[in-house]
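Derivation of every value follows stated rules applied to the coordinates shown; laboratory data play no part. Given the structure is predicted, the values throughout are model-derived calculations rather than measurements. All Cβ positions, glycine included, derive from the backbone under ideal geometry; neighbour counts span all protein chains shown.
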Amino acid sequence: MLAYRGRGKNVVHDGALFRNFAMMNVDEAIDRFERYIASERRMATGTVVNYMTDLADFARVLEAADVQQVASISAQHVRLWQMGLIERGDAVSTVRRKLSSVSSWIDFLRREGELETDVMAKVTKPKLPKRLPVFYRTTEAEHLYDDGLFDTSFVGQRNKLMLRMLYETGVRRSELVGVDVADVDFGHHVIKVLGKRNKQRLIPIESELEAAIEGYLQLREQVCPCSDRLFVSDKGNAITPTVVYSVVKKYMTSLSTADRISPHVFRHTFATHMLNEGANIQAIKELLGHSSLSTTEIYAHTTREHLKTEYMNAHPRGKHNKNQ
């Protein structure tokens, strides 16, 4: 059992006095760290194994560079290792995780006063590639308005309104389940939504959606006339985010070929379709409740990539170049 009783140059371990880590070889230092995270930090076995696998990988690079003592480790060694990981095809996320393992080990040595140099300060982690938001195509979303897609029961009509609201308002799943009946302002044709950090915003609703809400409320009145929430179960209970997810999966899995099916994809779809139709990005930012315009701007990249794909698939010259 490892027990650190001081922060000076001498460390007591099970009653024995060990020499300075700076005089210790790499393997011994890694062993000390393993005992620390397993015994004192009580990390899960799988986590410890991951740390040790990453450090063993780094140790092989140090060995090849004839680095035997921890005091000789430099940022150049870490960068050399990082380049090797990238060259052998490791994913960016994997490289970042391995660098984090080494960084934790270095921090441990420095906290114990056994290593003065912040080796990782001059090491830059590779950036994760930005994933463009997934969205439903216009033709896929339009199927939500097909006659016969939803049955005439209360739950069927609730699901229809739920999906249409996700598509036409761009609200988050948590925001949708939090809408009260009183939040629907038929006089001003808006819905009040409580977003992140308790920030309220008003989202316009068009006449057909407004009529759909009114029709749903008549059915809802027969189920639970006293509930505040707009969306409820057939037992009268407020629905949960899990119910929204299940409804989206039930209908959109058969309607869409998108790589991912979820309520949040409707939010991406709302923004993307608005941009494709010429909406101002600042207006979309306000409708989505984003605090920063940079968050909204990713949808502009999505529309550009979509246009490129459509061109390559449809234009004769685009198809010609694509097949070369």
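Things worth noting here:
- Taking the empirical scaling 2.2 N^0.38 Å for compact globular proteins as reference, the chain has a Cα radius of gyration ratio of 1.44.
- 12 Å reach of a label modelled at D151, 7 Å along Cα-to-Cβ, counting backbone N of the stretch 224-249: none
- Amide H to amide H, with H built 1.01 Å from N, V190 comes under 5 Å of D185, I205, counting only residues 5 or more places away or on other chains.
- Gain in span if fully extended, D107 to E206, counting 0.36 nm per residue against the direct Cα distance: 30.0 nm
- Karplus-based coupling profile of the stretch 149-160, in residue order and whole Hz: 5, 10, 6, 8, 5, 4, 5, x, 6, 5, 4, 4, with θ = phi - 60° in 6.51 cos²θ - 1.76 cosθ + 1.60 and x standing for Gly or Pro.
- For D180, the amide hydrogen comes within under 5 Å of the amide hydrogens of L230, counting only partners 5 or more places away or on other chains and with H modelled in the peptide plane.
- With q set to 0.19, 0.24, 0.29 Å⁻¹, the log10 of I(q)/I(0) for the stretch 69-135, from the Debye formula over equal scatterers at the Cα positions, is -0.76, -1.05, -1.32.
- Taking every C-alpha pair closer than 8 Å and separated by at least 6 residues, the mean separation divided by the residue count of the stretch 11-122 gives a relative contact order of 30 percent.
- Helix-only [θ]222 nm of the chain, DSSP H runs n ≥ 4, -39500 (n - 2.57) each, per residue, nearest 500: -17000 deg cm²/dmol
- FRET efficiency estimate (nearest 0.05) - Cβ-Cβ, I298 to R41, R0 45 angstrom: 0.75
- R0 of 35 Å, Cβ-Cβ distance Y245-K125: FRET efficiency to nearest 0.05: 0.60
- Projecting the Cα atoms of I205, H264, M162 onto the charge dipole of the chain (Cβ charges, centred on the Cα centre) puts H264 farthest toward the positive pole.
- Net length gained if the chain between N280 and A56 were fully extended (0.36 nm per residue, minus Cα distance): 75.4 nm
- Angstrom value of the Kirkwood radius, inverse mean 1/r, which spans all Cα pairs in the stretch 138-322: 17.7 Å
- Exposure proxy for V223, V102, V123: other Cβ atoms within 10 Å of each Cβ, ordered fewest to most, give V223, V123, V102.
- Angle between the chain longest axis and helix 241-255 axis [Cα atoms, degrees, rounded to 10]: 70 degrees
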